[in-house]
Each structure stands twice: as structure tokens, then as C-alpha cells.
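Report on the structure given below.
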Amino acid sequence: MEQYPEIYREEESIDIKKYLYRILYNWWWFALSIFVALTIAYLVNRYAEDVYRANCSVIIANENTPRGDIESIIEDLTNVRNRRTKAVVQNEITVLKSYKMAQATIQNLDFNISYTAVGRRGIAESKLYSSSPFIVIPDTTLPNQFNYPVNVTILSPTTYKLTIDDKYGISRVMYFGQTFEHENFNFRLLPRNPESLKNLSNFPLKYYFVMHDLNGLINKYRAGLEVEVNDEKGSILTLSLTGPNKEQICDYLNKLSRIYIQSNLDEKNTTSSNTIKFIDEQLREIIDSLQIAGIRLQNFRSANRIINISQEGNALFQQMELLNAEKAEIAIKGSYFEYIKGYITAKKDNIEIIAPSVMGIQDALLNSLVSQINELNTERRDLKFSSSENNPKLTMITMQIENLRMDILENVNNLIASNNISMKGLSNRINDLEKEIQKLPFTERQLINIQREFNVNDQIYTFLLEKRAEAGITKASNTPDHRLLDIAKPENAVMIKPKTSMNYMMALVLGGILPLMLLILIEYFNNKIVDRKDIEQQTAVPILGSIGHNDKSFDLPVFENPKSALAESFRSLRANLQYLLKNETHKIISISSTISGEGKTFCAANLAAILAMAGRKTLLVSLDLRKPKIHKIFSLENQSGISTYLAGMNGLESIVHPTNVDNLDVAISGPVPPNPAELIESSRMAEFMVRMKKEYEFLVIDTPPIAIVTDALLLKEMVDIHVFVIRHGYSSKEVLQLVEDLYTKRGLKNMALLVNDVQTKGYYGYSYRYGYGYGYGYGYGYGYEHGYYDEGTSQVVKIPRKLFKILKRK
């Protein structure tokens, strides 16, 4: 027996051609998928809520202006200024996105109620803002449920239908202006513009509105606000917001920007406002004393008819007036020192200290300390917007403030002590001067005292008025550090959703990718044998040929329909066997399979028939004693057969039967015995094979599946060639491991594979080419059989022929 040469297995690779054929065959998958995807994209574009993006720009204070001094040069070299600027910008961004800013903005806008128009079909919706035909006036003294839709259907210019579905089940026809009262809803509807409502047509018109809680609105707009730095110096911030109504988001951005700028101005005016407040408190105290002193002076002059004092008295009075002015100035400083001491003691974090220079105090240390603590208070207030109380930087600033408090308190105490010493020395000088005044006449002395009291109060009052005027001028001249560069305009808003072109493009891509991925997954998880490579990658056993699909009702198509393509595939198989069975003594062919259902009996019967039709005397032996089928194909009784012959119950003449096919006899299996393997191993089986081999040119033996029972292997010494049937699209790739094991480990070298039930339309949709043997033999490719077979219709998928010709050449 000639040994077959070893066939080396090919490495696995992606068969582009196979996938291309499969895509072409399953083109309707892609067409349907793309159609569905485009339909979904159309519905999304048609009914999805429009979302717009609006922007506005704000210029923030630039503290990075070069000063030209040594300190500035050092900051530039160490990159300190850039880091400081970035920190300032980040703080301003945090302030813009803070809860406080959003709250102030929402409270200045009419956002607490949202209005929505509903389309005719109840699918499409559009958010309204100032264009809603009605407004809702909620009764704030009574409960109103938030975030619950209330449906309004306008029936006429004067009436509407109110519907609150789900758990309330409210449906009521009402007039505009009529109050709706419910335990959870209390409001009334008014036409926004009665004249425009009269001009509406196509009643009824469907709307719904929702009342929102303030906290929910604030958090919603805080989360939606985006702030970006759009220049290298970090001095321009771009504020962006998205929403379904472009007018509404523009109003929010513009209002937020103005409140942010105004808050910056208010913060700059804090020092001036505190100064004015302090001076006003001092003025309220001094004005009463001034009025009383003025009245006393006037009354005294009138009563005593004294207009002027003597020259000596005038000199003393002028000296006293200078001392009293100095005393008043020291008193004001004392009041300021007490003010600072009270601030430090009360630990008022959010109030800036009035600068000492404003009150005429030129102490350099105190001015520096007050300036530092004001700056740290401002930095801490800004930092609280963007961090928690446990932030290390916030903790460090708090510690610095506490240290400055102690330093200021110590300095103020020293200044108070020094001020008291000055006041005491000045009082002594005044006392000495008063002794000189005592020498003057009584009336003149009284006038000097009254005049002195009046002038002291008048000087203090004048001094305070001057300082208040200075603070007022400073406040009026303050301008915000930030300014609005570009306001948000509805006409400049950009619609970002739905992206019509992008949605259609994604639909095309996904519509093509999804079926492709499905095909790849089917291929990946498919464990069936569907291609020649599936066999070659698993075993070196040669492929003898392939058999097409039998779509007829009869089991012997080679005899019943000899001009069919299926019959031609058996003729090709017969020709390939002639190349393998070169020795005329080699006539025994075993037909088996790995598992049941692969069509071995069908192949055995038709192979035997095609051999007989070629004029070769052939015997078809039904040796599948466990599950016989041959007798059914030829409509024979199975009362006796090979099983009874091997058991010694009858002779050969009773088990061999002629058939309708010339030159073809069949030896049926007979009843199912209890011990098939023992019967096959018996001497009578060997005698049967020897005798039949002499009488017939070919013996085609139908044996049981080898993966189930080992009956077929018991005949390996008698058989010239073992043909194992593998069913296309049915047999799993694991069965090839068994075939390879028989070929390489059990020494069953005279083996060949027959691929059965090959369907050119179906799994891949192109002509499967199972080569015969190692290059010898022949076959007919599907698609070129017109005029040769009775069924004649090509099974190649109907796609352009030129494309298939190009693919077949490769």
C-alpha cells in the first residue's frame, strides 16, 4: 500500500477574500443595518431636543504688568509672577463657578418656571423662554410641588385645559386668570400677550410647564458652566453654557458676567464704605455737641453783649484753640485705635480694616500690618469658594492671619499707650493755659471757655467731613478690575446637538460596522468545518473530494438524476479513487465518519452506484450493524443479513441482493446483534471479505462512526482505503483531531477525507474549493455548469459577474 506524503499545515491567517465574499453574499445584512441606522439618525435629528452653546468673554485684572524695579526683575527670573497670575486666574474661575455667583444670577432672572411646547404627535418638544404664550403666577404663600410637569392645552384665547397626570389624575378646563387651587399646586395662568394669543390658530395647542426649586436650578447652572482661559497671559476668560434655548442661556451668561464684575467693584469699595460708615458714626456723636456748644455761645454773647474779647484774652484763646485742635486729633486717633482693637478682639474675618492713613495716622508698621491682613482676608475668602476647610493652604493663611492679629494688637496697644501719654501731656499744657485764663475777667473767661468748646467740636466736625469727602471721592472713582469684553448674543449661539451630518455619518459607519462585526463574531465562535483551510490546519489527511447538497427527495441521485451536479461530484470522486487505487487488487473501500449524521451511508450508497454505472461490478456492504440504513435506501427487508451470516444462521446467498442499478449488489446488515464488534472480528467476516473480493471489482463498506464505536478500525487490515466523511457546516473542528490521531498515532495511513453536503449558498456565499488529493484529480467549479446539468442554475450569489471574475482570478 503506497503511503501518502505528509501535508504540512498552513499557519492561520486572515482570509480577506473569504470575508469579502461573505460580505457580498450577505449584502442585505448591511443594507438593512444601514437603513435602520439611517432611520434612527433621521428620527434623532428630527425629534431630539436642540441644544445650543453660547459664549461670552470677560477680561480679568492683569497683575502681570512689569514694574521695572528690582523686585519685578527677580520675580520674572524665578517665574514667580506667572505662577501668581495662574493662581489668581484659577481663583477667578472658581468664583465664577461658585454657588454664591450662581445664586445671585438665578435670583435676578425669571428661571423658576420652564415652559415647553409639545408637537402635534406628542413627540417633538421645544423649550420656550420669553416666547411662551402664557405665564404662570405661583402663589408663594401656598405649597407648590417642584419638578413636576403640568400640562396645558390652549383651547381658545380665553380658555385652556389643565392636566396633571400620573398620581394626581387632574383634568380641568379653566379660564386665563382663574386661580387653580390644590393641596400641592396653587397658581394662575395669564396670557403673556393677550393680543398675540388671539392671533394664534390651529387650536388646541399643547404645552407643559415645570416649577423648579432654587437650589436645583443653582446646581444645574453651576454644573453646566464652563470657563476657559483663551490667551497666553491668562487675562481673558471665555464663559460657555449649553442649553435648549439660546436666549435663556445668553441671559444667564450676561447676567452672571455683570454680577461678577459688580461684585469685584463692591469688594474694591469695601474699604471706602467702611471708612464712611466709621466717620458717620463719629459725626453723629460730634454733631450734637457742636450744636449745643453753638447755642451756648450764641446765648452767652446775647446775654452779656460781648462781641470780642480783649487782646490778652485773644492771645490766650488762640493758644488754647491750637491745643484743643491737637487734642481733638489725638482723640480721633484714640477712637481709631479702639476701633482696631475691637476688630481684633471680635475676630471679624469678612470685614476689611480701615487703613490708618485714611484717618491721618502715618505709623508705617501699623499701615503695613493692616494692609497685609486685608490682603490675606481677601485671599482666604476667594479660596473658600474652591476648597474645603481642610485645605492646607487655607489653614496656612488662617495661621498667618492669627499671627498678624497678635502683631496688630500688640502694636495698637503700644500706640494707645503712646497716644495716652500725648493726651496727658497735652492736658497738662491746657491746664497751665487755663490758669492764665483765670486771671482774665470772669465774663471774658467764660466766653473763652464756651468759644473753646465750640471751636474744638467744630474742628473735629470739619476734619471728619473732609475725611468723609475724601473717602467718598475714592469710592466714586473706583472702577472694577474686570470688564465684559463680548456679551453673549442669541444670534451667535451655535447648535451643538443634534449634529445632523455627524449623525448620518455615524449611522453609515455603524450600519456597516455592526453587521461586519457580527460576521466576524460568527466566524470566531463558529466551530464547524466550512472551508478547506479548516481541514488543512487541523490534519494532514488528504482531501479526496467534495459532494454537493442533495435537495431531492430520493437517496440515490446518481441513479435517479444522473445529469445533476451532485451526480457529477460523485463521478469526480470516482475518478480521484482511480488515481489512489492504482493497483487493480485494491478494491475494498471503507466509508465511515467521525460522528452520526455526517452522511456516510448516503455517500457509500451513491459511490457504489456510480462505480456500478461505470461498468464495475460492485458490492455495497452494510456493515453498520448498530444502526443500519442501507436496506431502506433499496427498499429491502432486513430480516437476515450480515449479522445473521456472521452468526452462522444462514449463507451468503440469502444476504446479497441485486438492485435496480446494473452491476450493483447490496449485502444488507440484518437484525441488530448484541455483539457487533465480536462478529466483525470473527473468521467468517474474513472469509466473507476474501470471497466477495474475488467476485466483485469493488467492495464499498458502510461502517459505523469511529468516534462512537471502533467497528470500522477492526477492518483496517482488510480495507484498501479508509474514506472518512465530514459534513460541511455540520461537523465540528474537534473531530479532525480524532482523524489526525488515527493518521499519525494509530498507523491508519491509507486514509482520505470526503467533504459532504457542500452548499455554495449559505454560510459564506461563495464557491468552496476543496482540492482533491495533492494536486491530481479534477473538479468543476460552481458557476460554469450551465448546459451540463439538468438543474443548471448557478448557486453563486447574484452579484456583478465581473467582480466575481476578478475575485476568482486571485
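Applying 1/(1 + (r/R0)^6) with r as the Cβ-Cβ distance of M423 and N391 and R0 = 45 angstrom yields a FRET efficiency of 0.50. In the structure shown, the pairs K255/K467; K18/K497; K255/K497; K161/K246; K617/K745; K18/K617 are assessed against 32 Å; a Cα-Cα span above that value is assigned to K255/K467; K18/K497; K617/K745; K18/K617. Anisotropy class assigned to segment 652-720 is prolate, per the alpha carbon gyration tensor with a/c at or over the 1.5 cut-off and a/b larger than b/c.
The residues of segment 548-682 have, on average, 40 Å² of accessible surface per residue, using a 1.4 Å probe with all protein chains present. Between the beta carbons of I16 and K499, assuming R0 = 25 Å, the FRET efficiency works out to 0.15 to the nearest 0.05.
Surface composition of segment 179-289: carbon and sulfur atoms hold 44% of the protein heavy-atom accessible area at a 1.4 Å probe. Along segment 206-219 the Karplus relation, 6.51 cos²θ - 1.76 cosθ + 1.60 evaluated at θ = phi - 60°, assigns HN-Hα couplings of 9, 9, 8, 10, 9, 8, 10, 7, 4, 5, x, 5, 4, 5 Hz to successive residues, with x for each Gly and Pro.
The stretch between S368 and K749, if pulled fully straight at 0.36 nm per residue, gains 126.7 nm over its current Cα-Cα span.
Take the Cα of N108, step 7 Å toward its Cβ, do the same at D139, and the gap between the two points is 3.3 nm.
Mind jotting down the distance between the C-alpha centroids of segment 150-179 and segment 566-642, whole Å? Spelled out, the Cα-based centre of one part sits 85 Å from the other. Label zone (E195, point 7 Å along Cα-to-C-beta; backbone nitrogen cut-off 20 Å) within segment 119-141: 130-135. For the listed peptides 292-300, 557-565, 263-271, a ranking on the average number of other beta carbons within 10 Å per residue, highest first, reads 557-565, 263-271, 292-300. Normalised by the number of residues in segment 85-243, what is the relative contact order in percent for Cα pairs under 8 Å and 6+ residues apart? Computed value for segment 85-243: 28 percent relative contact order. Calculated FRET efficiency, A575 to E49, Cβ-Cβ distance, R0 = 56 Å: about 0.20 to the nearest 0.05.
Close amide-amide hydrogen proximity is noted between L485 and S57, V58, I59, each under 5 Å apart and 5 or more residues distant or on a separate chain (H modeled in the peptide plane; Pro and chain starts excluded). Length available on full extension from N230 to A476: 0.36 nm per residue minus the Cα-Cα distance, which gives 85.4 nm.
Amide H contacts under 5 Å for K497: V51, restricted to partners 5 or more places along the chain or on a different chain, H placed in the peptide plane at 1.01 Å from N.
The values are calculated or read from the model by the stated rules, or taken from the named source; none is laboratory data. It should be emphasised that the depicted structure is a prediction, and the values quoted were computed from it without experimental measurement. Because the Cβ atoms are built from the backbone with ideal geometry, glycine has one as well, and the counts that use them run over all protein chains shown. Calculation scope for accessible area: heavy atoms of the full protein, side chains included, ligands and nucleic acids excluded. Shrake-Rupley method; radii C 1.70, N 1.55, O 1.52, S 1.80 Å.
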